[in-house]
Amino acid sequence: AQARQDYQKKLSMTSTPPPITTFEINVSNAAFKFNAAHFVAYQNFRERLHGHNYTVSVKLCGSRTISYDGYVVDFGCVKAVTKKICKELNEHFICPMLSDVLDISTINVTEEDDKHGETIQAVEDSIKIVCEDGSIFLFPKRDCAMLPIAHSTTEELAIYLWGKILIALDTQELTKRGVHTMEITVAEAVGQEAVFRMKVPEKGLEENDPLVDVRRYIKNGDIIPMPCPTETEVAVTMATKSKTLTISKKRKHNKKGECACTDCGKIFSQKLQKIADAINSGKLEKTNTDEKEGTKKICVADLEAVLEKK
């Protein structure tokens, strides 16, 4: 007891660390992983059903000093919590319960026994998902991870895991130890990861807390489609008004960062040819009048009119 008092006395006499001193811990482990199936869906878009071997890592940012036990936070605590949460998601279908384009319901599935002519009631409930394009999926409910997310992207999974891990670690305990920020990284493949970082709330965090409602982090407004989507990103072609989303197998960009894929190149060439044909045939209408010269000139609207004609 006396030795401890002497030690604490020496600590109190030690000068405060300089302002540039900070502590943080990074925790990753082979067990921080889960294999799951999913597909991303939003208005006029749906991926094919596929899966990933997800990995997770945790970073805790502390203050200028560490706790009396010498830790920011014991690695063992972070490992135990993260392993448990990853295990809960392992070998499941990730079902985004907040989706605005998926009709998700729980049903009792029945099937008819062809041999005996009997109707058999399923032992457990199933999850039925009706997609915007008319596709219907049916999964055993116990095989689904019903998550409070709108899209099953790594970005939204990072928000979800941030909340789950933080609650399990106890925000008040972290705050006492000087931890002010937590960062979660979720990777669906090597080189493909999303990071979510946010300050640890002093008031604590509970399940379904508004702070981890993914919808507060999603922009409102129309979705702007990627100019050159990959085959995985656009697995289903859907008609939107008079236009159709096209599929491109590979995304390529030149040194300037401009799209250089084969499909986009062909589309651009086709548009130029259509304009050239209109000029050569004399069918290109000039609607813009030059006030000074009193003559009509070609404007952007004229070119757009040519491209819109079938």
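Remarks
- Count of segment 167-176 residues which are crowded, with 18+ Cβ neighbours inside 10 Å and without any contact (Cβ under 8 Å) to a residue 40 or more places away in the chain: 1
- Boolean, residue 79 is among the charged types (D, E, K, R) and touching a residue at least 60 places away in the same chain (Cβ under 8 Å): no
- Reported count of residues in segment 38-66, each being open to solvent by less than 30 Å² (accessible area, probe 1.4 Å) and either assigned to a strand (DSSP E or B) or small (Gly, Ala, Ser) (or both), is 10.
- If you filter segment 177-191 down to residues that are modelled with pLDDT under 95 and farther than 13 Å from residue 61 by Cα, you find that the one that is surrounded by the most Cβ atoms within 10 Å (Cβ to Cβ) is 189.
- Conditions (1) at pLDDT 95 or above; (2) open to solvent by less than 50 Å² (accessible area, probe 1.4 Å); (3) of a type outside the set (Lys, Arg); (4) not in a helix (DSSP H, G or I); number of the one not met by residue 157: (4)
- Matching residues in segment 30-62 - criterion: being under 16 Å from residue 144 (Cα atoms) and without any contact (Cβ under 8 Å) to a residue 24 or more places away in the chain: 51
- Any hit, segment 127-145, residues being open to solvent by 20 Å² or more (accessible area, probe 1.4 Å), in a helix (DSSP H, G or I) and closer than 25 Å to residue 181 by Cβ: no
- Subset tally (residues that are open to solvent by less than 50 Å² (accessible area, probe 1.4 Å) and more than 23 Å from residue 35 (Cα to Cα)) for segment 192-211: 7
- Within segment 106-123, considering residues that are in a loop (DSSP other than H, G, I, E, B) and open to solvent by 70 Å² or more (accessible area, probe 1.4 Å), the one modelled with the highest pLDDT: 108
The values are calculated or read from the model by the stated rules, or taken from the named source; none is laboratory data. No experiment lies behind these values; they were computed from the predicted model shown. So basically every Cβ, Gly included, is an ideal-geometry build from the backbone, and we count neighbours across all protein chains shown. For the accessible areas, the whole protein counts, side chains as well, though only heavy atoms, and no ligand, DNA or RNA atoms are used. Shrake-Rupley method; radii C 1.70, N 1.55, O 1.52, S 1.80 Å.
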